[in-house]
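Just below is one structure, and these are the notes that go with it.
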Amino acid sequence: MRGDRVFGLVVTFAALGYIVSAAQIRVGFLSDPVGSRTFPYMIGGVGLLCGLAMVLRPDPDPEWPGPPALVRIAVTLVVLVAFAVTLRPVGFLLPAALASAILAWLIRPDLARAALAGVGLSLGLFGVLKYGLGLGLAPFGRVLTG
Amino acid sequence: MDILANLTQGFAVALTPTTLLLAVGGCFLGTVIGSLPGLGPSNGVAILIPLAFSLGLDATQALVLMTAVYYGAMYGGRISSILLNIPGDEPALMTTLDGYPMARQGRAADALVLSGVASFVGAFLATIGLMLMAPLLARVAYLFGPAEYFALYLLAFCTLGGLTSRNQAKAAFAAALGLAIAMIGLDNQTGIPRLTFGAIHLMDGVDFLVAIVGLFAVAEVFIFIEGHGRGSAIGTSLGRLTIPVRDIVTSFGAMLRATAIGFVAGILPGAGASLGSFLAYMGEKAVARHDKETFGTGNPRGVAAPEAGNNAAAGGALVPMLTLGVPGSGTTAVLLALLLTLDITPGPLLFDERPEVVWGLIAALLISNFVLLIMNVPMVRLFVRILSVPPWLLLPGITMISFSGIYSLSGSGFDLILMIIFGILGYVLRKLDVPTVPIILGILLGNNMEDSLRRAMVISDGDWTYLFSSGIAVGLWLAAIAGFVAPLFLRSFLKRPGKAAD
């Protein structure tokens, strides 16, 4: 119940914000009958109705993750963002090894397996993606090679 | 004998060594993807699209590879349903009902062979159906003007939302969110930037591949991490592989009925394979006379029907995708993304302008079916072994592949961050039971939908009644309204097991 009410409110306000942003779209002086704003207005309107419907008629709450699972999800998020940010400057091998190892550890807390997953996936996937498929990946980025 | 001539031309394209190799490789990859729990056809195809680009394939080859993966995933989904009682993907859900009990009775090998044959019957006949139906529908599609297309897009959103979700408001919200995202970027008609908030990165809009991989693959990572590796594969023994001739003969009628039901369910825009297998199973249970009570306890027909149904729906879903550019299911929406990225506009013109693409694809699908039959019956042991790859190796691997694929497309960290945001969004939405497929559809079709509305208004000089001016348009509007409203009343009858989003 509460989950849907909160989400419905978020959707409602987001839809209002969307409509306001759509009102700021510049319109050229030579425009078709519909113009650049109408369709976004319609979308915002549908979103608004849906948000209100969710507030008024909420579904039963889903099973939200407990604190340990939330921590795992937060760690995953940090790992993914770190991987995304470092992939370019540091290159593929080191970030991939670290990220894979941490993810593997989160699924099965076993250091040996995590290390194996990190080293194995990083080297193995680099070989397949770079030389098998010809993806533009650098093994070490400019931070490491100077 | 137009079709035969076209098909000959198609086989000339499909039988080149490269294309053949791609079809076989795609079938293999697809079966692996389908059989791994948590990695369905839409996920699998989404992750592989960026990789297909880096191979430098031409349009036909890329399409052959991806549809082979798609068909393969449909075949493969049954393997973990039968052996582990975990559907490898959504459409394979119904197969667990009788497949797992059969495996518990020591007939796992029989169930796998039977369902493999059922998949073949469904997919093969549906491909023939695609061959016959698609050109007809393409001819009808010539009658479609902007008003009709606008109504058709609306129909796709309504049936997709109405049928695959338990809450209409949430389904409609998902569609609106997708459309809202599609509006970001330059206005097609005037070239004025819209809703970019001055960010240069957003000028050419949000890349739908980034959204797809984020909403499907990255969200799956979060779901998996939360569940702490649920459903890890356990050792299963297959026993001797024999052909259960009696079961195949007695359930052959079931396969044919299921194929017909599945194919029709697949053609309906937005309904897809989950609905196909569901209806096929329920239909088979309804017509059963003397053994109705054995459904759910390992009835071979309960294994054959949903498998034939979901594979037939997979073929049927390609019909509206190719002829109208409106996908029939989640995975075909991802395939549509592939087409658009390859600069191919699906629609009636595709059949005249690029016959080698259409007929090459159809010929490749026919070949793929035989390859899949061989892989999934005599060689099924191989895939059973792959099922035992531990999740702690599988999941980080999928994550790294998704990230590398998207990174290789644009080389920008911004897209990766955007993908993670879509991943978190997808996770929260799935928790709240908001379907994610309409979002993808919205991002893909949003600009086309707006263009058709604006073109219709230019033609009629701003007269809104033009939208309802033809019989086809009115019919589509009525179908759209019915598709959205009817499930509200039918829901108590059609208690769907689990949510559906293939």
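The values are calculated or read from the model by the stated rules, or taken from the named source; none is laboratory data. Please read all numbers here as calculations on a predicted model, not as lab measurements. Cβ: placed from backbone, ideal geometry, glycine included. Neighbour counts: every protein chain shown.
Please enumerate the residues belonging to region A:31-71 that are farther than 16 Å from A:R2 by Cα, at the interface with another protein chain (Cβ under 8 Å from one of its Cβ atoms) and either exposed (fewer than 12 other Cβ atoms within 10 Å of the Cβ) or among the aromatic types (F, W, Y) (or both).
Once the filter is applied, which keeps residues that are farther than 16 Å from A:R2 by Cα, at the interface with another protein chain (Cβ under 8 Å from one of its Cβ atoms) and either exposed (fewer than 12 other Cβ atoms within 10 Å of the Cβ) or among the aromatic types (F, W, Y) (or both), region A:31-71 yields only A:F39.
The rows are residues; the columns are (1) crowded, with 23+ Cβ neighbours inside 10 Å; (2) touching a Lys or Arg at 6+ places or on another chain (Cβ under 8 Å); (3) of a type outside the set (A, V, I, L, M); (4) in a helix (DSSP H, G or I).
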{"position": "B:I3", "(1), (2), (3), (4)": "no, no, no, yes"}
{"position": "B:T8", "(1), (2), (3), (4)": "no, no, yes, yes"}
{"position": "B:L20", "(1), (2), (3), (4)": "no, no, no, yes"}
{"position": "B:G30", "(1), (2), (3), (4)": "yes, no, yes, yes"}
{"position": "B:V45", "(1), (2), (3), (4)": "yes, no, no, yes"}
{"position": "B:L51", "(1), (2), (3), (4)": "no, no, no, yes"}
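Looking at B:T341, B:T399, which one is within 20 Å of the chain's Cα centre (by Cα) and of a type in the set (S, T, N, Q)? Walk me through it before giving the result.
On the way: B:T399 fails: within 20 Å of the chain's Cα centre (by Cα).
Within the list B:T341, B:T399, the selection yields B:T341.
Run A:V143 past the list (1) closer than 24 Å to B:G413 by Cβ; (2) at the interface with another protein chain (Cβ under 9 Å from one of its Cβ atoms); (3) not basic (K, R) and report the number of the one that doesn't hold.
(2)
Quick one: would you say A:D110 is out of contact with any Ser or Thr (no Cβ under 9 Å at 6 or more places or on another chain) and either in contact (Cβ under 8 Å) with a residue 24 or more places away in the chain or of a type in the set (S, T, Y) (or both)?
Numbers: out of contact with any Ser or Thr (no Cβ under 9 Å at 6 or more places or on another chain): yes; either in contact (Cβ under 8 Å) with a residue 24 or more places away in the chain or of a type in the set (S, T, Y) (or both): no.
Considered against the rule, which asks whether it is out of contact with any Ser or Thr (no Cβ under 9 Å at 6 or more places or on another chain) and either in contact (Cβ under 8 Å) with a residue 24 or more places away in the chain or of a type in the set (S, T, Y) (or both), A:D110 comes out as no.
Please tell me if A:R88 is within 16 Å of B:P391 (Cβ to Cβ) and surrounded by 14 or more Cβ atoms within 10 Å (Cβ to Cβ). Show your work before the answer.
Values: within 16 Å of B:P391 (Cβ to Cβ): no; surrounded by 14 or more Cβ atoms within 10 Å (Cβ to Cβ): yes.
So A:R88 does not fit the description; no.
Quick one: B:F422 ticks every box in (1) within 30 Å of A:V78 (Cβ to Cβ); (2) surrounded by fewer than 21 Cβ atoms within 10 Å (Cβ to Cβ); (3) modelled with pLDDT of 90 or more except a single one, so which number is it?
Looking at each condition in turn, B:F422 falls short on (2).
Please give the number of the condition A:L121 fails out of (1) closer than 22 Å to B:L418 by Cα; (2) touching a Pro at 6+ places or on another chain (Cβ under 7 Å).
(1)
Within the bounds of region B:31-51, is there any residue that is on the phi > 0 side of the Ramachandran plot, within 14 Å of another protein chain (Cβ to nearest Cβ) and over 16 Å from the mean Cα position of the chain (by Cα)? Don't jump to the end; show me each part of the working.
Here is the first cut: in region B:31-51, the ones on the phi > 0 side of the Ramachandran plot are B:38.
Narrowing the set further to residues that are within 14 Å of another protein chain (Cβ to nearest Cβ) leaves B:38.
Now drop any that are not over 16 Å from the mean Cα position of the chain (by Cα), which leaves none.
No, because not a single residue in region B:31-51 is on the phi > 0 side of the Ramachandran plot, within 14 Å of another protein chain (Cβ to nearest Cβ) and over 16 Å from the mean Cα position of the chain (by Cα).
Mind checking which residues of region A:7-22 are out of contact with any Pro (no Cβ under 9 Å at 6 or more places or on another chain) and more than 16 Å from A:L49 (Cβ to Cβ)? Let's see the steps before the verdict.
At the first step, the residues of region A:7-22 found to be out of contact with any Pro (no Cβ under 9 Å at 6 or more places or on another chain) are A:9-17, A:20.
A:V20, the sole residue that qualifies.
Since B:V380 meets every condition but one in (1) facing another protein chain (nearest Cβ under 8 Å); (2) within 28 Å of B:I248 (Cβ to Cβ), which condition does it not meet?
Checking B:V380 against (1) facing another protein chain (nearest Cβ under 8 Å); (2) within 28 Å of B:I248 (Cβ to Cβ), the one that fails is (1).
Out of the residues in region B:272-331 that are within 27 Å of B:G442 (Cβ to Cβ) and β-branched (V, I, T), state the one that is surrounded by the most Cβ atoms within 10 Å (Cβ to Cβ).
B:T331
List, please: which pairs have Cβ atoms under 6 Å, are six or more places apart or on different chains, and start with a residue in region B:192-205 that is of a type in the set (G, A, S) and end with one that is surrounded by 12 or more Cβ atoms within 10 Å (Cβ to Cβ)?
As it stands, the answer is B:G205/B:I184; B:G205/B:G185, since those pairs meet every condition given.
For B:I386, are the conditions met, namely being more than 29 Å from B:N85 (Cα to Cα) and β-branched (V, I, T)?
On the way: more than 29 Å from B:N85 (Cα to Cα): no; β-branched (V, I, T): yes.
The answer is no for B:I386.
Quick check on region B:178-216: of everything there that is in contact with a helix residue (DSSP H, G or I) (Cβ under 7 Å, 6 or more places away or on another chain), over 18 Å from B:L336 (Cβ atoms) and assigned to a helix (DSSP H, G or I), which residue is farthest from the other protein chains (Cβ to nearest Cβ)?
Applying the filter and picking the extreme gives B:H201.
Looking at region B:391-411, which of the residues that are at the interface with chain A (Cβ under 8 Å from one of its Cβ atoms) and small (G, A, S) is surrounded by the most Cβ atoms within 10 Å (Cβ to Cβ)?
Applying the first criterion (at the interface with chain A (Cβ under 8 Å from one of its Cβ atoms)) to region B:391-411 yields B:391-393, B:395-397, B:399-401, B:403-405, B:407-408, B:411.
With small (G, A, S) added as a condition, the list becomes B:397, B:404-405, B:408, B:411.
Working: B:G397: 19, B:S404: 26, B:G405: 24, B:S408: 19, B:G411: 12.
My answer is B:S404.
Is it true that B:I440 is under 17 Å from B:G214 (Cα atoms), surrounded by fewer than 23 Cβ atoms within 10 Å (Cβ to Cβ) and either more than 10 Å from chain A (Cβ to nearest Cβ) or out of contact with any Phe, Trp or Tyr (no Cβ under 7 Å at 6 or more places or on another chain) (or both)? Quick ask: steps written out before the conclusion?
Details: under 17 Å from B:G214 (Cα atoms): yes; surrounded by fewer than 23 Cβ atoms within 10 Å (Cβ to Cβ): no; either more than 10 Å from chain A (Cβ to nearest Cβ) or out of contact with any Phe, Trp or Tyr (no Cβ under 7 Å at 6 or more places or on another chain) (or both): yes.
For B:I440, the condition - under 17 Å from B:G214 (Cα atoms), surrounded by fewer than 23 Cβ atoms within 10 Å (Cβ to Cβ) and either more than 10 Å from chain A (Cβ to nearest Cβ) or out of contact with any Phe, Trp or Tyr (no Cβ under 7 Å at 6 or more places or on another chain) (or both) - is not met.
From the list B:A480, B:A473, pick out the single residue that is more than 10 Å from every other protein chain (Cβ to nearest Cβ), touching a Ser or Thr at 6+ places or on another chain (Cβ under 9 Å), farther than 17 Å from B:I181 by Cα and buried (at least 17 other Cβ atoms within 10 Å of the Cβ). It would help to see each step written out before you state the result.
Numbers: B:A473 fails: touching a Ser or Thr at 6+ places or on another chain (Cβ under 9 Å).
Answer to the check: B:A480.
Among the residues of region A:1-14, is there at least one that is at pLDDT below 90, more than 9 Å from chain B (Cβ to nearest Cβ), surrounded by fewer than 20 Cβ atoms within 10 Å (Cβ to Cβ) and in a helix (DSSP H, G or I)?
So the first thing to find is which residues in region A:1-14 are at pLDDT below 90, and the list is A:1-3.
Narrowing further to those that are more than 9 Å from chain B (Cβ to nearest Cβ): A:1-2.
From what is left, the residues that are surrounded by fewer than 20 Cβ atoms within 10 Å (Cβ to Cβ) are A:1-2.
From the residues that got through so far, the ones that are in a helix (DSSP H, G or I) too are A:2.
Within region A:1-14 (the criterion being at pLDDT below 90, more than 9 Å from chain B (Cβ to nearest Cβ), surrounded by fewer than 20 Cβ atoms within 10 Å (Cβ to Cβ) and in a helix (DSSP H, G or I)), the answer is yes, since at least one residue qualifies.
Within region B:288-338, track down each residue that is of a type outside the set (D, E, K, R), without any contact (Cβ under 8 Å) to a residue 60 or more places away in the chain and not in a helix (DSSP H, G or I).
B:A288, B:H290, B:A317, listed by residue number.
Restricted to region B:379-414, and to residues that are over 19 Å from B:P50 (Cβ atoms) and of a type outside the set (A, V, I, L, M, F, W, C), which residue is modelled with the lowest pLDDT?
For region B:379-414, the residue satisfying everything is B:S388.
Condition first: surrounded by fewer than 20 Cβ atoms within 10 Å (Cβ to Cβ), among the aliphatic types (A, V, I, L, M), within 11 Å of another protein chain (Cβ to nearest Cβ) and touching a helix residue (DSSP H, G or I) at 6+ places or on another chain (Cβ under 7 Å). Now tell me which residues in region A:103-136 satisfy that.
The answer is A:L133, and nothing else.
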